[in-house]
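Following: one structure in C-alpha coordinates, then a few remarks.
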Amino acid sequence: MRTLVIGGSLGGLAAAHEMRFAGADVTVYERSVDRTQPRGAGIVMQPEVADLLGRLGRSVSSVSVALSERQHLHRRGEPERYSAPQWMTAWDTLYHALREPIACMRMDSTLTGLSRDAGGVTATFGDGPAAVGDFVVGADGIGSATRRLLTGRDELRYPGYVAFRGLEPEADVPEHLVGLLAERFTMFAVPGLQMLCYLVPGAAGERAAGQRRVNWVWYVNTAQARLDQLLTGRGGQRFDQFLPPGELTDRSQSALLELAECELPRPFVELLEASRVFLQPVFDLPPTRMVTDHVALIGDAAGTVRPHTASGTSKAFGDAAGLAAALADWRPGRALPLAALHSWQRARLAALRAIADAGVRLASRSGLGATGPQYLRPDAATGPLPVPDDPTRAVRDAC
(Lines give C-alpha, C1' and ligand atoms only; values in the text may rest on other atoms or scores of the structure.)
Protein backbone atom coordinates (compact mmCIF):
# COMPACT_ATOMS: atom_id res chain seq x y z
CA MET A 1 0.00 0.00 0.00
CA ARG A 2 1.62 3.25 -1.16
CA THR A 3 0.63 5.96 1.30
CA LEU A 4 1.20 9.66 0.78
CA VAL A 5 1.15 11.65 4.01
CA ILE A 6 0.57 15.37 3.47
CA GLY A 7 2.15 17.36 6.30
CA GLY A 8 5.38 16.67 8.13
CA SER A 9 4.59 18.01 11.60
CA LEU A 10 3.83 15.76 14.57
CA GLY A 11 0.49 14.45 13.28
CA GLY A 12 1.99 13.63 9.89
CA LEU A 13 4.94 11.83 11.45
CA ALA A 14 2.58 9.85 13.69
CA ALA A 15 0.53 8.88 10.62
CA ALA A 16 3.68 7.80 8.80
CA HIS A 17 4.70 5.50 11.64
CA GLU A 18 1.22 4.04 12.11
CA MET A 19 0.87 3.32 8.39
CA ARG A 20 4.34 1.76 8.35
CA PHE A 21 3.26 -0.52 11.20
CA ALA A 22 0.25 -1.48 9.02
CA GLY A 23 2.59 -2.55 6.24
CA ALA A 24 2.48 0.54 4.02
CA ASP A 25 5.22 2.13 1.95
CA VAL A 26 5.07 5.75 3.17
CA THR A 27 6.33 9.07 1.85
CA VAL A 28 5.76 12.30 3.80
CA TYR A 29 5.35 15.62 1.95
CA GLU A 30 6.00 18.81 3.92
CA ARG A 31 5.35 22.29 2.48
CA SER A 32 8.04 24.10 4.48
CA VAL A 33 11.65 24.20 3.36
CA ASP A 34 13.00 23.58 6.87
CA ARG A 35 10.88 22.01 9.60
CA THR A 36 13.40 22.65 12.40
CA GLN A 37 11.62 25.78 13.68
CA PRO A 38 8.73 24.75 15.94
CA ARG A 39 5.23 26.14 15.50
CA GLY A 40 4.48 25.29 19.10
CA ALA A 41 6.38 24.85 22.32
CA GLY A 42 5.46 22.78 25.38
CA ILE A 43 3.35 19.63 25.09
CA VAL A 44 1.65 17.74 27.91
CA MET A 45 2.49 14.05 27.60
CA GLN A 46 -0.67 12.03 26.89
CA PRO A 47 -1.28 8.26 26.59
CA GLU A 48 -1.59 8.27 22.77
CA VAL A 49 1.84 9.87 22.46
CA ALA A 50 3.39 7.57 25.06
CA ASP A 51 1.99 4.53 23.24
CA LEU A 52 3.57 5.45 19.90
CA LEU A 53 6.88 6.31 21.55
CA GLY A 54 6.90 2.92 23.23
CA ARG A 55 6.39 1.13 19.92
CA LEU A 56 9.32 3.11 18.54
CA GLY A 57 11.49 1.97 21.44
CA ARG A 58 11.48 5.34 23.24
CA SER A 59 10.45 5.90 26.85
CA VAL A 60 8.42 8.89 28.04
CA SER A 61 11.26 9.87 30.36
CA SER A 62 13.72 10.04 27.44
CA VAL A 63 11.82 12.96 25.86
CA SER A 64 10.21 14.64 28.87
CA VAL A 65 10.77 16.67 32.01
CA ALA A 66 9.07 15.47 35.19
CA LEU A 67 6.92 17.84 37.25
CA SER A 68 5.90 17.15 40.82
CA GLU A 69 3.59 20.04 41.76
CA ARG A 70 1.10 22.59 40.51
CA GLN A 71 1.18 26.12 41.84
CA HIS A 72 -1.12 29.12 41.48
CA LEU A 73 0.56 32.52 41.64
CA HIS A 74 -1.11 35.69 42.89
CA ARG A 75 -0.28 39.34 42.40
CA ARG A 76 0.02 39.52 46.17
CA GLY A 77 0.57 36.73 48.65
CA GLU A 78 2.26 33.35 48.54
CA PRO A 79 1.69 30.72 45.84
CA GLU A 80 -0.78 27.91 46.45
CA ARG A 81 0.76 24.49 45.78
CA TYR A 82 -0.38 20.90 45.63
CA SER A 83 1.04 17.58 44.41
CA ALA A 84 0.42 16.82 40.71
CA PRO A 85 3.05 14.58 39.04
CA GLN A 86 3.16 15.05 35.28
CA TRP A 87 5.48 14.64 32.28
CA MET A 88 6.09 17.56 29.88
CA THR A 89 7.81 17.46 26.51
CA ALA A 90 8.37 19.98 23.72
CA TRP A 91 7.41 20.17 20.05
CA ASP A 92 10.95 19.94 18.74
CA THR A 93 11.98 17.18 21.18
CA LEU A 94 9.05 15.04 20.09
CA TYR A 95 9.58 15.97 16.44
CA HIS A 96 13.17 14.71 16.42
CA ALA A 97 12.18 11.49 18.19
CA LEU A 98 9.57 10.79 15.50
CA ARG A 99 11.45 12.18 12.51
CA GLU A 100 14.66 10.17 12.93
CA PRO A 101 13.18 6.78 11.90
CA ILE A 102 11.32 8.20 8.85
CA ALA A 103 13.22 7.25 5.71
CA CYS A 104 11.38 9.27 3.08
CA MET A 105 10.31 12.89 3.60
CA ARG A 106 10.07 15.45 0.81
CA MET A 107 10.45 19.07 1.91
CA ASP A 108 9.30 22.16 -0.02
CA SER A 109 6.28 20.21 -1.29
CA THR A 110 3.13 22.34 -1.31
CA LEU A 111 0.05 20.30 -2.24
CA THR A 112 -1.85 21.91 -5.13
CA GLY A 113 -4.07 19.12 -6.46
CA LEU A 114 -5.58 15.68 -5.85
CA SER A 115 -7.11 13.45 -8.51
CA ARG A 116 -8.44 9.90 -8.40
CA ASP A 117 -7.97 7.40 -11.19
CA ALA A 118 -7.84 3.65 -11.63
CA GLY A 119 -4.20 3.58 -10.62
CA GLY A 120 -4.70 5.36 -7.29
CA VAL A 121 -4.58 8.96 -6.10
CA THR A 122 -2.33 11.48 -7.83
CA ALA A 123 -1.06 14.39 -5.75
CA THR A 124 0.55 17.41 -7.39
CA PHE A 125 2.96 19.68 -5.55
CA GLY A 126 3.56 23.20 -6.86
CA ASP A 127 6.34 23.09 -9.42
CA GLY A 128 7.57 19.71 -8.24
CA PRO A 129 6.85 16.22 -9.58
CA ALA A 130 3.48 14.55 -9.00
CA ALA A 131 3.19 11.48 -6.80
CA VAL A 132 0.83 8.51 -7.11
CA GLY A 133 -0.35 6.62 -4.06
CA ASP A 134 -3.03 4.14 -3.06
CA PHE A 135 -4.14 6.24 -0.09
CA VAL A 136 -3.56 9.84 1.02
CA VAL A 137 -3.51 11.06 4.63
CA GLY A 138 -4.06 14.81 5.03
CA ALA A 139 -2.20 15.76 8.21
CA ASP A 140 -1.36 19.30 7.14
CA GLY A 141 -2.77 21.19 10.09
CA ILE A 142 -5.11 24.10 10.58
CA GLY A 143 -4.33 25.60 7.16
CA SER A 144 -4.81 22.22 5.46
CA ALA A 145 -4.52 22.29 1.67
CA THR A 146 -5.89 18.74 1.65
CA ARG A 147 -9.07 19.88 3.38
CA ARG A 148 -9.53 22.84 1.05
CA LEU A 149 -9.13 20.62 -2.00
CA LEU A 150 -11.71 18.16 -0.66
CA THR A 151 -14.28 20.66 0.67
CA GLY A 152 -13.61 23.89 -1.24
CA ARG A 153 -14.03 25.80 2.03
CA ASP A 154 -11.86 27.64 4.53
CA GLU A 155 -13.85 27.95 7.76
CA LEU A 156 -11.34 29.30 10.28
CA ARG A 157 -13.01 31.29 13.04
CA TYR A 158 -11.24 33.61 15.47
CA PRO A 159 -12.86 33.33 18.94
CA GLY A 160 -11.31 36.50 20.36
CA TYR A 161 -8.01 35.70 22.06
CA VAL A 162 -4.38 34.96 21.25
CA ALA A 163 -1.57 32.95 22.78
CA PHE A 164 1.67 34.80 23.42
CA ARG A 165 4.48 32.31 23.99
CA GLY A 166 8.07 32.04 25.12
CA LEU A 167 10.63 29.23 25.13
CA GLU A 168 13.87 30.27 26.81
CA PRO A 169 17.00 28.35 27.83
CA GLU A 170 16.95 27.72 31.55
CA ALA A 171 20.47 29.14 31.82
CA ASP A 172 19.26 32.50 30.42
CA VAL A 173 16.46 32.90 32.98
CA PRO A 174 17.23 34.51 36.37
CA GLU A 175 18.13 31.87 38.95
CA HIS A 176 15.40 32.87 41.40
CA LEU A 177 12.76 32.39 38.70
CA VAL A 178 14.06 28.93 37.82
CA GLY A 179 13.92 28.04 41.51
CA LEU A 180 10.27 29.07 41.61
CA LEU A 181 9.24 27.39 38.36
CA ALA A 182 11.29 24.18 38.11
CA GLU A 183 9.45 20.89 38.72
CA ARG A 184 6.15 22.81 38.87
CA PHE A 185 3.25 23.57 36.55
CA THR A 186 2.68 27.25 37.36
CA MET A 187 -0.54 29.15 36.65
CA PHE A 188 -2.15 32.56 37.01
CA ALA A 189 -5.61 33.58 35.78
CA VAL A 190 -8.14 36.36 35.94
CA PRO A 191 -11.10 36.76 33.57
CA GLY A 192 -9.77 37.32 30.07
CA LEU A 193 -6.15 36.47 30.93
CA GLN A 194 -4.47 33.16 31.68
CA MET A 195 -0.76 32.34 31.93
CA LEU A 196 0.87 28.92 32.29
CA CYS A 197 4.52 27.94 32.65
CA TYR A 198 6.59 24.77 32.98
CA LEU A 199 10.03 23.47 32.04
CA VAL A 200 10.63 21.25 29.01
CA PRO A 201 13.70 19.55 27.51
CA GLY A 202 16.46 21.67 25.99
CA ALA A 203 16.84 22.38 22.28
CA ALA A 204 18.75 19.12 21.77
CA GLY A 205 16.53 17.15 24.14
CA GLU A 206 18.59 17.81 27.31
CA ARG A 207 16.76 17.01 30.54
CA ALA A 208 19.37 17.84 33.19
CA ALA A 209 18.97 20.86 35.46
CA GLY A 210 20.50 23.92 33.86
CA GLN A 211 20.05 22.56 30.33
CA ARG A 212 16.26 22.59 30.04
CA ARG A 213 14.03 25.38 28.72
CA VAL A 214 11.36 27.49 30.38
CA ASN A 215 8.15 27.29 28.35
CA TRP A 216 5.26 29.68 28.92
CA VAL A 217 1.99 30.65 27.24
CA TRP A 218 -0.15 33.71 27.99
CA TYR A 219 -3.72 33.83 26.68
CA VAL A 220 -4.99 37.38 26.24
CA ASN A 221 -8.38 38.57 24.99
CA THR A 222 -7.61 40.56 21.85
CA ALA A 223 -9.89 42.32 19.39
CA GLN A 224 -9.84 40.83 15.90
CA ALA A 225 -9.04 44.27 14.45
CA ARG A 226 -5.80 44.24 16.49
CA LEU A 227 -4.52 41.04 14.84
CA ASP A 228 -3.11 42.78 11.77
CA GLN A 229 -0.84 44.88 13.95
CA LEU A 230 0.24 41.97 16.15
CA LEU A 231 0.90 39.61 13.22
CA THR A 232 2.95 42.14 11.27
CA GLY A 233 6.64 41.49 11.86
CA ARG A 234 9.51 43.92 12.19
CA GLY A 235 10.21 43.89 8.46
CA GLY A 236 6.58 44.53 7.54
CA GLN A 237 5.70 40.94 6.64
CA ARG A 238 2.14 39.94 7.59
CA PHE A 239 2.11 36.45 9.10
CA ASP A 240 -1.10 34.40 9.06
CA GLN A 241 -1.21 31.97 11.98
CA PHE A 242 2.17 32.28 13.68
CA LEU A 243 4.47 35.21 14.49
CA PRO A 244 8.02 33.83 14.98
CA PRO A 245 10.28 34.73 17.92
CA GLY A 246 11.94 38.11 17.51
CA GLU A 247 9.30 39.45 15.10
CA LEU A 248 7.11 41.23 17.66
CA THR A 249 7.40 44.96 16.91
CA ASP A 250 8.53 47.50 19.51
CA ARG A 251 5.01 48.91 19.65
CA SER A 252 3.45 45.50 20.30
CA GLN A 253 6.21 44.61 22.77
CA SER A 254 5.57 47.82 24.71
CA ALA A 255 1.84 47.12 24.84
CA LEU A 256 2.50 43.60 26.10
CA LEU A 257 4.96 44.67 28.79
CA GLU A 258 2.64 47.41 30.00
CA LEU A 259 -0.21 44.94 30.20
CA ALA A 260 2.01 42.51 32.11
CA GLU A 261 3.09 45.16 34.63
CA CYS A 262 -0.54 45.92 35.33
CA GLU A 263 -2.02 42.41 35.40
CA LEU A 264 0.56 39.68 36.04
CA PRO A 265 2.37 38.53 39.20
CA ARG A 266 5.90 39.90 39.35
CA PRO A 267 7.66 36.58 38.50
CA PHE A 268 5.72 36.34 35.25
CA VAL A 269 6.55 39.96 34.39
CA GLU A 270 10.24 39.17 34.81
CA LEU A 271 9.89 36.04 32.70
CA LEU A 272 8.23 38.02 29.92
CA GLU A 273 11.02 40.60 30.03
CA ALA A 274 13.61 37.82 29.60
CA SER A 275 11.85 36.22 26.61
CA ARG A 276 11.77 36.45 22.82
CA VAL A 277 8.01 36.40 22.47
CA PHE A 278 6.19 34.62 19.67
CA LEU A 279 2.48 34.58 18.95
CA GLN A 280 -0.27 32.20 17.85
CA PRO A 281 -3.85 33.42 17.54
CA VAL A 282 -6.35 30.84 18.71
CA PHE A 283 -8.58 29.60 15.87
CA ASP A 284 -11.55 27.26 15.68
CA LEU A 285 -11.98 25.01 12.66
CA PRO A 286 -15.26 23.05 12.77
CA PRO A 287 -15.16 19.28 12.20
CA THR A 288 -15.54 17.98 8.66
CA ARG A 289 -15.94 14.60 7.02
CA MET A 290 -12.69 12.75 7.66
CA VAL A 291 -12.64 10.12 4.91
CA THR A 292 -13.58 10.20 1.23
CA ASP A 293 -12.45 8.08 -1.72
CA HIS A 294 -8.93 7.00 -0.74
CA VAL A 295 -8.22 10.23 1.21
CA ALA A 296 -8.50 10.83 4.96
CA LEU A 297 -8.02 13.88 7.17
CA ILE A 298 -6.51 13.69 10.67
CA GLY A 299 -5.51 16.10 13.43
CA ASP A 300 -6.18 19.81 12.96
CA ALA A 301 -6.92 19.25 9.27
CA ALA A 302 -10.12 17.51 10.38
CA GLY A 303 -11.01 20.15 12.99
CA THR A 304 -9.36 21.91 15.90
CA VAL A 305 -9.57 21.83 19.68
CA ARG A 306 -8.69 24.70 22.00
CA PRO A 307 -5.19 24.54 23.49
CA HIS A 308 -6.56 24.44 27.07
CA THR A 309 -7.52 20.80 26.53
CA ALA A 310 -3.84 19.82 26.05
CA SER A 311 -5.18 17.40 23.45
CA GLY A 312 -4.18 18.72 20.03
CA THR A 313 -1.18 16.41 19.61
CA SER A 314 -2.76 13.38 21.26
CA LYS A 315 -5.91 13.75 19.15
CA ALA A 316 -3.85 13.62 15.95
CA PHE A 317 -1.98 10.56 17.23
CA GLY A 318 -5.26 8.85 18.10
CA ASP A 319 -6.65 9.67 14.65
CA ALA A 320 -3.56 8.17 13.00
CA ALA A 321 -3.60 4.97 15.06
CA GLY A 322 -7.29 4.35 14.36
CA LEU A 323 -6.94 5.04 10.65
CA ALA A 324 -4.04 2.62 10.33
CA ALA A 325 -6.01 -0.05 12.18
CA ALA A 326 -8.96 0.43 9.80
CA LEU A 327 -6.65 -0.01 6.78
CA ALA A 328 -4.42 -2.74 8.22
CA ASP A 329 -5.90 -5.62 6.20
CA TRP A 330 -6.54 -3.66 3.00
CA ARG A 331 -4.41 -4.07 -0.08
CA PRO A 332 -4.51 -2.15 -3.38
CA GLY A 333 -6.78 -3.72 -5.99
CA ARG A 334 -9.42 -4.61 -3.41
CA ALA A 335 -12.43 -2.52 -2.43
CA LEU A 336 -11.74 -0.09 0.41
CA PRO A 337 -12.81 -1.36 3.86
CA LEU A 338 -15.60 1.23 4.03
CA ALA A 339 -17.29 -0.22 7.11
CA ALA A 340 -14.07 0.01 9.11
CA LEU A 341 -13.28 3.49 7.77
CA HIS A 342 -16.77 4.82 8.54
CA SER A 343 -16.62 3.31 12.02
CA TRP A 344 -13.27 5.06 12.54
CA GLN A 345 -14.71 8.32 11.28
CA ARG A 346 -17.75 8.14 13.59
CA ALA A 347 -15.61 7.44 16.64
CA ARG A 348 -13.01 10.10 15.90
CA LEU A 349 -15.56 12.81 15.03
CA ALA A 350 -17.40 12.07 18.27
CA ALA A 351 -14.12 12.40 20.19
CA LEU A 352 -13.23 15.59 18.30
CA ARG A 353 -16.59 17.22 19.04
CA ALA A 354 -16.41 16.26 22.71
CA ILE A 355 -12.90 17.68 23.15
CA ALA A 356 -13.70 20.79 21.12
CA ASP A 357 -16.82 21.49 23.21
CA ALA A 358 -14.85 20.95 26.42
CA GLY A 359 -12.23 23.43 25.25
CA VAL A 360 -14.85 26.09 24.51
CA ARG A 361 -16.35 25.56 27.97
CA LEU A 362 -12.93 25.88 29.62
CA ALA A 363 -12.25 29.12 27.76
CA SER A 364 -15.66 30.50 28.63
CA ARG A 365 -15.21 29.76 32.33
CA SER A 366 -11.91 31.69 32.19
CA GLY A 367 -13.52 34.66 30.45
CA LEU A 368 -11.43 34.00 27.33
CA GLY A 369 -13.03 35.16 24.10
CA ALA A 370 -14.83 38.06 22.52
CA THR A 371 -17.48 38.24 25.27
CA GLY A 372 -14.93 38.52 28.11
CA PRO A 373 -12.93 41.52 29.33
CA GLN A 374 -10.94 43.03 26.45
CA TYR A 375 -7.26 43.85 26.91
CA LEU A 376 -5.75 44.50 23.50
CA ARG A 377 -8.01 46.71 21.38
CA PRO A 378 -7.44 48.30 18.00
CA ASP A 379 -7.84 51.82 19.39
CA ALA A 380 -4.96 51.60 21.88
CA ALA A 381 -1.23 51.40 21.17
CA THR A 382 -0.34 50.24 24.66
CA GLY A 383 -1.82 49.20 27.94
CA PRO A 384 -4.64 47.04 29.26
CA LEU A 385 -8.16 48.06 28.36
CA PRO A 386 -10.70 45.89 30.17
CA VAL A 387 -14.39 46.30 29.43
CA PRO A 388 -15.44 49.46 31.37
CA ASP A 389 -18.33 47.78 33.20
CA ASP A 390 -16.52 44.50 33.84
CA PRO A 391 -17.91 43.46 37.26
CA THR A 392 -14.83 41.36 38.05
CA ARG A 393 -12.56 44.39 37.87
CA ALA A 394 -13.57 45.64 41.30
CA VAL A 395 -12.31 42.52 43.04
CA ARG A 396 -9.05 42.28 41.16
CA ASP A 397 -5.75 43.71 42.20
CA ALA A 398 -5.31 47.36 41.28
CA CYS A 399 -2.58 48.14 38.73
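The values are calculated or read from the model by the stated rules, or taken from the named source; none is laboratory data. This one's a predicted model, so the numbers in the text were calculated from it and none came from an experiment. So basically every Cβ, Gly included, is an ideal-geometry build from the backbone, and we count neighbours across all protein chains shown. These accessible areas exclude ligands, DNA and RNA; they are computed on the full protein's heavy atoms, side chains included. Shrake-Rupley method; radii C 1.70, N 1.55, O 1.52, S 1.80 Å.
The phi torsions of the range 132-149, fed into the Karplus equation with coefficients 6.51, -1.76 and 1.60 and a -60° offset, translate into couplings of 10, x, 8, 8, 10, 10, x, 10, 9, x, 5, x, 3, 5, 4, 4, 4, 5 Hz, rounded to whole numbers, with Gly and Pro shown as x.
Rg ratio for the range 200-286: its Cα radius of gyration over 2.2 N^0.38 Å, N being its residue count, equals 1.22. When the surface is traced with a 1.4 Å probe over the full set of protein chains, ARG212 keeps roughly 20 Å² accessible.
Computed over the range 267-331, the percent of Cα pairs more than 13 Å apart is 72. Over all directions, the projected convex hull of the C-alpha atoms in the range 20-132 averages 10.8 nm² in area. Peptides 184-193, 3-12 ranked from most to least packed by the mean count of surrounding Cβ atoms within 10 Å: 3-12, 184-193.
Looking at the P(r) of the range 16-76, how many percent of alpha-carbon pairs lie beyond 17 Å?
Numbers: 1185 of 1830 pairs.
Cα-Cα pairs of the range 16-76 separated by over 17 Å account for 65 percent.
Residues whose amide H lies under 5 Å from that of TYR161, counting only those 5 or more places away or on a different chain, are THR222, VAL282; hydrogens are built 1.01 Å from N in the peptide plane.
Before I look further, what does the chain give for accessible area per residue, probe 1.4 Å, in whole square angstrom?
Counting only protein heavy atoms, the per-residue value for the chain is 42 Å².
Computed packing ranks the peptides 354-362, 259-267, 122-130 as 259-267, 354-362, 122-130, most packed first, by mean other Cβ atoms within 10 Å. For SER61, SER32, SER83, SER314, the ranking by accessible surface with the largest value first comes to SER83, SER61, SER32, SER314, using a 1.4 Å probe. Using Cβ point charges alone (K and R +1, D and E -1), the dipole size of the range 254-324 about the Cα centre works out to roughly 280 debye. The distance from the alpha carbon centre of the range 252-305 to that of the range 70-88 is 22 Å, rounded to a whole number.
Summarised as an ellipsoid, the range 313-364 has semi-axes of 29, 11, 5 Å, derived from the eigenvalues of the Cα gyration tensor scaled by 5 and square-rooted, with the largest first. Using the Karplus relation 6.51 cos²θ - 1.76 cosθ + 1.60 with θ = phi - 60°, the per-residue 3J(HN,Hα) values for the range 279-287 come to 9, 9, x, 7, 10, 9, 10, x, x Hz, with x marking Gly and Pro. Which of (i) 91, 59, 43; (ii) 69, 44, 39; (iii) 90, 56, 38 is the computed Cα extents along the principal axes in Å for the structure on display? Read-out from the structure maps to (ii). For the range 194-249, with all protein chains in place and a probe radius of 1.4 Å, 46% of the accessible heavy-atom surface sits on carbon or sulfur. For the chain, the Cβ-based charge dipole about the Cα centre amounts to some 820 debye (Lys, Arg positive; Asp, Glu negative; other atoms uncharged).
Nonpolar atom fraction for the range 1-136, defined as the carbon and sulfur part of the 1.4 Å probe accessible area, stands at 48 percent.
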